Amino acid sequence: MYSMNDKVSTRQVKLILILDMFSVSVLILPRVTVEVARQDGWILVIGGTLLAFLYSWFIAQLVKKFPEETFVDFSGHIVTRPIGMLLSLFILLFFILSAAIKIRIFGELTKQILLPDTPIEFIIISLLLICTYLSRKGYECRARVAEILFPITLIPLILILLFAIPKVEIPNLAPFFQLSWKEFFSGSYYVSLTYITLILLLFSNAFVQPPNKSGGICRTSLLVVGLLKLSTVVMTIAIFGAKGTQRQIWPVMTLMQVIHLPASFIERQEALMMIFWLNTVFSIVSGYLYFSSVIVTKMIKSNEQFYLVLPLLPFIYILSLYPSDIIEVYNWQQWLRRKIGPIFLIVIPFLLWLIAKIRKVGATSEEKK
Amino acid sequence: MKILQQLFGSTIKRKKKEDHTHDNDNKVIVPLTASLNENIRQIENLFTDCEDVIKRRFPIGEEKKVWAYIIYVDSMADRQVVEQSVLYPLMVGVREVLPKIEDIQTSLLDFIKDGGMTTAEVKNIDNMNDVCNQVLSGDTVLMIDGYQQAIAISTKGFPNRGVEKPDTESVVRGSKEGFSESLRVNTVLIRRRIRDTKLKVKQKQAGIRSKTDIAIMYLEDIVRPKILEEVNQRLEDFKVDAILDSGHIEQLIQDDWKSPFPQIQITERPDKAASAILEGRIVIIVDNSPFVLLLPTTLNCFFQSSEDYYERWEIASFIRFIRYGAAFLATALPGLYIALTTYHLAMIPTNLMLSMAAAREGVPFPAIIEVLIMELAFELLREAGIRLPDPIGSTIGIVGGIIIGQAAVEANIVSPIIVIIVSLTAISSFAIPSHSLGVAFRLSKYMVIFLSSILGLYGFLISMLILIIHLSALKSFNIPYLAPYAALLPLYNNDYQDSLLRLPFFMKTKRPLFTRPDQRIRLRRKDPRKKK
Amino acid sequence: MKKKNKYLSILFVTLLLLTGCWDKKEIDDQQFVISLGIDKSEKETISSKNSYRYNITYATPNLSTVQKNGGGNEPFRYFQYVTGDTLTGTIKKAQAYYLEPINFEHVKTIILGKELAKDKVLFQEVLDYIDRTPQFGRTVLVMIAENTAKEILEAKEETKPFRNRYAIHSQDITSIPDELIIDVGKVLNQLINNEGTTFIPRIKKGKNNLGFSGGAVFRDYQFQGWLDEAQVRVLSWTLGKNKGGYFPIWYQGAYVPYEVSHISSKVVSATYDKYLKVKVQIETEGDISEYILDNSKKYIDSKWVKQLEIELEEAIKKEIRDVFDILQMEYKVDIIGLKDQLKLKYPKVWKEIKEDYEKIFEEAEIEIDVNISIRRIGMVY
């Protein structure tokens, strides 16, 4: 019977992942790609997504071996408990830091576009409180919220992209295929790192019923997110040109401004569109928060997950206010993505999977059948 | 201090009068003895000062008399039945019976019970608690000297309203019968619509002092057994003085008492209750209440009305959309207005904005206060309108709504746009078919207004998120509240046939998600090839 | 009891925090600026105390005239004039004079004065401000005034209530087709992607109305010169954007206009040897809408039409040639979109020339081929 057993379906996890991966990265993605490959930046997105498929394969294989277990548990099985604990601690710190940066970016954007005079602390606190409310209700509730938010968020975003088409100037994308192989690979690598939220799958697989469909989950969500990112980047570069995209801090926001919705009586609709995009940030931050509390719960072997959400808040809040200006925020984000991200996205899953295979730990498909 | 003690000391320190007749649960513990005189004494004691309880002692038989005693409540028991079917046979008819009373071999009690009276329902009872219960429920109890048992005779005939039009749920097309206050009438209304042996009616009593009858009706083979168990469990979980209305039961067994959203649906219409049973839900009927409870519920159920199923599917789907839109408007409209006009002036088209600015010249209050004033005034009007008798009620509607609103605008207390917004909101909240859900949205509206007035569109988003999170976490008897929009798998594959769109009948081949998983196929064409 | 205390304290703290409403703007307390004019200050002085570089003029509606029944004899707009050092400083100064906050979020047009446009530094500053500030959207129309922005803004006499015609709006425009009305987004795009090359329409003050008439050409953020109406019309032909435009030609005793209903312009060949050689082909379809009512003249027949087509082609070619000469020699700027077409269609050629494009464009040989078709001639022969 369907009760408080915190199990979700694969469809729900797919939706959660799509919402999570689409959020903050899509805002700065055009700039990142244009910096490397100028007007061919969109090709990097394709390359990055393909690389992300590769990473997700390792992660999916890893979690398939350990259904019903979160990273904290199975890392302990693979590489002995203390090291597993250490790894979990690192991931906890990473989550907290990521959440802090994302909240800060969100706060900056809100302050810029929606509420210029409100102190940013207040915006951050209110978002944190909402995320706490969600995290306390458990993963099941989070899945349902994602199901509801998914059409609300993505349909307007897709509409924006559709309505941006008349403004596209193809010559901005030309000449095509001018980038060198080196640029392609390094750029794709950077883009693939924006899929860092895949590591949430290391944890969420424990809640999925049936548990061995993680491969399909990854594939579908990566495909959808990849398409969305690709179209966004293409649109942005096509409308603003390579140099224009580089100059903007939030090119996607400006994109929302220049499009003309037919029969709409709302002008300056970027504020409205931002509201829809904010849902995704809410989703990812509450995800980080929830899983941080899960890690802490498992580490101190407590039974109640709910109460541990609130103590994490001060850390995130203080960290998010630490960078002093927007450029420093951007640098932190880049550092987090480029230096720390690969460790969790690529290195750890791969190593763990390898070690698990060698030591023959974990359920194999023959055993399950 | 001493005066206080004197005044209140007596009330505080007075010892509770020793009550030997009832135990802690208000059950009568006086024994039923074989001696009629002793029983009579106990009953007189229990029913002191109850002038409406009629007691009669009479002899059965001519020469060798056996004393009997009947108790009933005046006007609750049908006096005609008592006189004609109970007293007449016992007092008169028995004299014509051969053999004479002395020759009766079996126990007199059984003789009377089996053949002495001509009433339809008789029962043995063997303790005083049941005697009192039966008497107080409208039955007549007959006690015979020498026997430690009594007979309860069903003679219920209390006054009741009968089957009338349901006040709160009227439809254009569909039956106009509504439930009444009598439990039996209500169960009959449902029985008429489901003539299936698998329709079960389980009765319980709740409330220590009120001992209200509750009937639980369900279809045995399609209801989920775990939900049934849960319902029974919850009904036995509490001990309360009295259950006066189904609302009491609803609040006592619902999942989350903090939430303003109703987790149990109520209805006054038998056809709605019958269709709920056919969907695999459980109906709880409470005596003395024309509102029956339907559970478990999802949010979707509140947006369905009986008419949807009797009309064609296009109009039903269209009206469904309007209802969902109305729900959104009823919650969000004032907050959205405040957010846009106070924080995000850039988003309103210039023409409109200039008109609004011009219209608001001279209005002393900020937009938020205006909205709150008008909203609260509307609530006042609504409350007042409920209690007024019909002829005055509609006049007040016109007077209050139009004239006062107009006057307020002309006096420059509020701007005309606010009046439009607030009335639109109020109308939308009436468009929601279920009153209890409308109330929930009315309350959430204030939270949305509050948050929007502080943080603009961002606050609006936060309030919407709060609502979504709250609704997502809500469960009604372990069925997620937001099914079928969320959380369907691993329950079912789809249940969209009846949510936003009402699909045509021939497409509704499966029963909704409330039913047992193996009982889902509902409609089958007789011959798939024969399609007109 | 403890739980209740906890809830109460949370509520209290929240209430304290929620006394903010920092961003609240009452709708009737604001001054809404609809159109903004920026001029260079007459006496430009830069001193530590008071620098004067910008003159800003802006118009705000008189709200009491916005109601349906009009406002009698009151003016429809109020004007404010401020002078200051930077744009931000000037705006703040403007704010200081008036009690109500000024709201720029509904600005629809920005008019730059001629002197301002000619000053490279000021021009760049203004455009950067427009880009950087979140107040102006990217759909704001930008244009250059014939003399000063101030006189343009003051010029228009409103005959209808302000609510309907709140600024110079694109519907007022008399002569230029829609595609050349440029919003600031496009201007910024062109400036950034093409290193300071762009074209901004010019607005002129007539006797009783305002109108677009030609525009200003910029290269390297520097004002180069004007293009008048006729030249801009020609330009729009080469851009393939003159639907609804027309071309008048003297033919057989009457000034016959050729109205364009469909136009397309393509670069059909491009080679680079020592200099760039490009061939542009323009194809149009259109109607004849006027001739002359005279019994002696023949009715229009196909020979007439064919002859007219040939003469039109020659005339147009010549005009285009003239404008291109100006563009190449005098202004040395490519605003005809040649660059884009080359990038798109001839990437190899583009690769070779993109380094030194300006010089190459100056010396390029652009051959123009015009192909006119006359489709309809009205209701009579």
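Please report the base-10 log of the normalised intensity I(q)/I(0) for segment A:1-142, using a Debye sum with one equal scatterer per alpha carbon and no solvent, at each q in 0.11, 0.14, 0.20 (1/Å).
For segment A:1-142 at q = 0.11, 0.14, 0.20 Å⁻¹, log10 I(q)/I(0) is -0.64, -1.02, -1.39.
Springs between alpha-carbon atoms under 10 Å, Gaussian network over chain A: tell me which of A:Lys14, A:Lys301, A:Lys65 tops the mean-square fluctuations.
Checking each option, the largest mean-square fluctuation is seen for A:Lys301.
Pairs to check: A:Lys7/A:Lys357; B:Lys204/B:Lys239; C:Lys118/C:Lys150. Give those whose C-alpha atoms are more than 18 Å from each other in this structure.
A:Lys7/A:Lys357
Quick one: plug the Kirkwood hydrodynamic radius of segment C:228-381 (C-alpha pairs) into Stokes-Einstein at 37 °C, 0.692 mPa s, and report D in µm²/s.
Reported coefficient: 196 µm²/s.
Find the Cα radius of gyration of the protein assembly as shown, compare it with 2.2 N^0.38 Å by division, and give the number to two decimals.
The protein assembly as shown yields a ratio of 1.23.
Could you give the radius of gyration (one decimal) and Dmax (whole number) of the Cα atoms in segment B:315-480, in Å?
Final numbers for Rg and Dmax: 17.2, 54 Å.
From the phi of every residue in segment B:233-238, what ³J(HN,Hα) in whole Hz does the Karplus formula 6.51 cos²θ - 1.76 cosθ + 1.60 yield, where θ is phi - 60° and glycine or proline is x?
4, 5, 5, 8, 6, 10
Would you tell me the mean number of C-beta atoms belonging to other protein chains that fall within 10 Å of each C-beta in A:236-245, as a whole number?
So the per-residue partner count for this stretch is 3.
Restricting things to Cα coordinates, could you compute the convex hull volume per residue of segment B:183-297 in Å³?
92 Å³
Using a Debye calculation, one point per C-alpha and no hydration shell, please list log10 I(q)/I(0) for segment B:19-153 at q = 0.19 Å⁻¹ in order.
One equal scatterer on each Cα of segment B:19-153 leads to -1.10.
Going by Cα centres, segment C:288-321 and segment B:327-342 are how many Å apart?
62 Å
Given the convex hull over the Cα atoms of segment A:10-368, what projected area results after averaging over all orientations, in nm²?
Mean projected area of the Cα convex hull: 17.9 nm².
How well do other chains shield peptide A:109-115, expressed as the mean number of their Cβ atoms within 10 Å of each residue Cβ?
For peptide A:109-115, the averaged partner shielding equals 5.
Accessible area of segment B:19-153 with a 1.4 Å probe: how many percent of it is carbon plus sulfur?
Looking at segment B:19-153 in its full context, I get 44 percent from C and S.
Report, to the nearest 10°, how far helix A:41-64 tilts away from the longest principal axis of the Cα atoms in chain A, using its own Cα long axis and a range of 0 to 90°.
Approximately 10 degrees, to the nearest ten.
Cα to Cα, under 13 Å, and not fewer than 8 places away if on the same chain: which aspartates and glutamates meet these conditions relative to B:Lys226?
none
Keeping all protein chains in place, calculate the accessible area per residue for segment A:52-140 (probe 1.4 angstrom), answer in Å².
About 31 Å² of surface per residue is accessible.
What order, most packed first, do the peptides A:86-99, B:37-50 have when packing is the mean number of other Cβ atoms within 10 Å of each residue?
Sorting A:86-99, B:37-50 by mean packing, highest first, produces A:86-99, B:37-50.
So for each of A:53-64, B:256-267 I average, over its residues, the number of other beta carbons within 10 Å; can you give me the resulting order with the highest mean first?
A:53-64, B:256-267
Spelling out what I want: for every residue of segment A:83-97, take phi, set θ = phi - 60°, compute 6.51 cos²θ - 1.76 cosθ + 1.60 (Karplus), and round to whole Hz; glycine and proline get x.
Couplings: 5, x, 4, 4, 4, 5, 4, 4, 5, 4, 4, 4, 4, 4, 5 Hz.
If we sort A:189-200, C:85-96 on the protection proxy, mean other Cβ atoms within 10 Å, highest first, what's the order?
Listed from highest to lowest mean packing, they are A:189-200, C:85-96.
With n ≥ 4 as the cut-off for DSSP H runs, can you work out [θ] at 222 nm for chain A, using -39500 (n - 2.57) per run divided by the number of residues, rounded to the nearest 500?
Value at 222 nm, helices only, nearest 500: -23500 deg cm²/dmol.
Given a cut-off of 18 Å, what percent of all Cα-Cα pairs of segment B:366-420 lie beyond it?
Counting every Cα pair in segment B:366-420, those more than 18 Å apart make up 33 percent.
Nearest 100 Å², what total accessible surface is buried between chain A and chain B (probe 1.4 Å)?
3300 Å²
Provide the per-residue ³J(HN,Hα) series for segment B:377-389, in order, calculated from phi with Karplus coefficients 6.51, -1.76, 1.60 and θ = phi - 60°, each as a whole number of Hz, with x at glycine and proline positions.
4, 5, 4, 4, 4, 4, 4, 4, x, 5, 8, 7, x
Restricted to Cα positions, what overall size does segment A:91-225 have along the principal axes? Three whole-Å values, descending.
Ordered largest first, segment A:91-225 gives principal extents of 52, 49, 31 Å.
For peptide C:25-37, compute the average count of partner chain beta-carbon atoms within 10 Å of each residue's beta-carbon.
Counting Cβ atoms of other protein chains within 10 Å of each residue's Cβ and averaging gives 5.
Could you give the angle, 0 to 90 degrees to the nearest 10, between helix A:25-37's Cα long axis and the longest principal axis of the Cα atoms of chain A?
70 degrees
Past the 29 Å Cα-Cα mark, which pairs from A:Lys111/A:Lys298; A:Lys243/C:Lys241; A:Lys298/C:Lys6?
With Cα atoms farther than 29 Å apart: A:Lys111/A:Lys298.
Can you give me the angle between helix A:348-359 and the longest principal axis of chain A, using Cα atoms only, in degrees from 0 to 90, rounded to the nearest 10?
30 degrees
The values are calculated or read from the model by the stated rules, or taken from the named source; none is laboratory data. Just so it is clear, the model here is predicted, and its values are computed rather than measured. Cβ: placed from backbone, ideal geometry, glycine included. Neighbour counts: every protein chain shown. Just so you know, the surface numbers come from the protein's heavy atoms only, side chains and all, with ligands and any DNA or RNA stripped out. Shrake-Rupley method; radii C 1.70, N 1.55, O 1.52, S 1.80 Å.
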